[in-house]
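A short write-up of the structure that comes next.
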Amino acid sequence: MLPSLAASPPPRTSPVRPPAPPRPLAAAPASRPAGPVGGVLPLPGGLDGTPVLNSNHPEIVRAPGVALSTLALSGPAHLARTFTGPFEVFTHHVNGTGRDLHQAIVLHNDGARPVTVTLGPSAVRTGLYGLFFKLPRVLDGVIKAIVRDRDAVTGPGPAVAEALLAGRRQRPEEALVVPPGQTVVLDARRLVPWAVASSKWQLASDGPVRAAVLFDAAPLDAAGADAVLRRGTLAGRNPADLPPTPPGGTGGRFIFGRVAGIQQGAAWRGTLGAQPGRPGVVLGEGPVALAWPIATKRGHLLGTGQDQTAPVTQRLSDAAYAAHGNYGLTYDLALPLRNASSRARRVELWLDSPEPTPGMPLAFSGPVEVTWTDPQGRAHRVLRRLNLRPEGRARVATLEVPAGATLDARVRLVYPADATPPQVLRLRDA
């Protein structure tokens, strides 16, 4: 079992400077003009209660150390929290040290009996920082010509989202056993300079287990991870990351901050409807032009008054107070369609980014999945890979409902890292 040791002071930040950032700091005005954006309705449903270890601070890691830990150790990197039952781990970090850096995601059992952790859909993907913002701008037309109707998707965030929608598992095992007093490495990898790694893990434990995300100059096994955790030094911060605005803060611009803590809620589930509180959409009773928001946050509510931000119940002292942006959150939305007319009706689903963000070549890059079963019992799945620029939009799927029939569709997306919320899901006549 790891002993409790006092933490060392935070390391000096590396003199290496990142390239010009491809997106602005996570900040926004304290308020925006009120009013709906294209008649947007509040998104039905809500967050589940699944805890998530959300490690996105520092996004640009400037020196080795612990990004986030729930081990019961002394020091500013540890939150002293166990997970039992379903939980998730989300990570998104960039190697800004100027040299190779090794990242590890670990599980630790400080109990008296073995704990079995079941592995669900999960993925880790890496890429070079900034390329996924710039490449689609240059290669969109070329890639679209090769893959025909599929938009290009680049970057680790969209790749993780697509793997999760497909139900893939990062490791071949269905479960890992964490022995008493031991640390098990869930994932370890080398990051070259300016490599970014995104990951999401859907896990479930049959007993209390702790988790941590950490970095070192040397390859990390269980013993090496224990040594980094014992030192308790925080991973080197990026000087460009500003302290978050406390809840209730007013005046000046609102600083969202980066997330390093326990997020409450891994998925938003609900049933879409034409009116709040009434699930389902009836076709044939007039024009269809409906819209629901995805990933609204403070200052960006699209006139709905609905903030979908997942709360953070435990956080490091310099980290965000909430998971603004909902990186890694699964949106799982039912869409019942009933055709009350005497002829077949067709509707289209679109996703758009209605609010421009200065300096952003991309506002949303990632997949959206639509599934349904037609009246003949045939299953359909559309996976649309989207690259939306600010104020851009794209059609996701077209659905046809025969006269008098009901079609139960399902819309899913995993909100990808490095997207800029919010987006709007629209349903309209084809």
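Each value in this text was obtained by applying a stated rule to the coordinates, not by laboratory testing. Computed from a predicted model, the values in this text were never measured in an experiment. Positions of Cβ are backbone-derived with ideal geometry, glycine not excepted, and every protein chain shown enters the neighbour counts.
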**Request:** Any chance you could run the full-extension gain for Leu242 through Arg378? It's 0.36 nm times the residue separation minus the Cα-Cα distance, nm to one decimal.
**Result:** 43.8 nm
**Complete:** From DSSP H assignment alone, runs of 4+ in the chain each adding -39500 (n - 2.57), the sum over residues rounded to the nearest 500 puts [θ] at 222 nm at -2500 deg cm²/dmol
**Asked** Quick one: if you stick a label point 7 Å off each Cα along the C-beta vector at Leu128 and Asp332, how many nm between them?
**Response** 3.8 nm
**Request:** Rounded to the nearest 0.05, what FRET efficiency do Arg99 and Val177 give with R0 = 25 Å and r taken as the Cβ-Cβ distance? Could you check?
**Result:** 0.10
**Between 0 and 90°, nearest 10: helix 156-165 axis offset from the chain longest Cα axis** = 60 degrees
**Fill in**
Under the rule rounded for a/c under 1.5, else prolate if a/b exceeds b/c, else oblate, using alpha carbon gyration tensor axes a ≥ b ≥ c, the range 226-273 is classed as oblate
**Asked** Which one of Asn387, Val259, Leu203 is farthest out on the positive end of the charge dipole of the chain, using unit charges on Cβ (Lys, Arg +1; Asp, Glu -1) and the Cα centre as origin?
**Response** Asn387
**Message:** Based only on Cα atoms, what mean projected area does the convex hull of the range 196-275 have, in nm²?
**Reply:** 10.8 nm²
**Two-site FRET efficiency, Thr313 against Arg395, from Cβ-Cβ distance with R₀ of 56 Å, rounded to 0.05** = 0.90
**Fill in**
1/(1 + (r/R0)^6) with r = Cβ-Cβ of Ala289 and Arg189, R0 = 51 Å, i.e. FRET efficiency to nearest 0.05, evaluates to 0.65
**Asked** Of Ala72, Gly303, Ala405, whose Cα points farthest to the positive end of the dipole of the chain (charges on the beta-carbon: +1 Lys, Arg; -1 Asp, Glu; origin at the Cα centre)?
**Response** Gly303
**Asked** Where in the chain lies the longest segment free of trypsin sites (Lys or Arg not before Pro) that are both loop residues by DSSP (not H, G, I, E, B) and have at most 14 other Cβ atoms within 10 Å?
**Response** 169-342
**Prompt:** What angle, in degrees between 0 and 90 and rounded to the nearest 10, separates the Cα long axis of helix 131-147 from the longest principal axis of the Cα atoms of the chain?
**Reply:** 40 degrees
**Request:** Given the peptides 276-282, 318-324, 401-407, arrange them by the average over their residues of other C-beta atoms within 10 Å, most packed first.
**Result:** 318-324, 401-407, 276-282
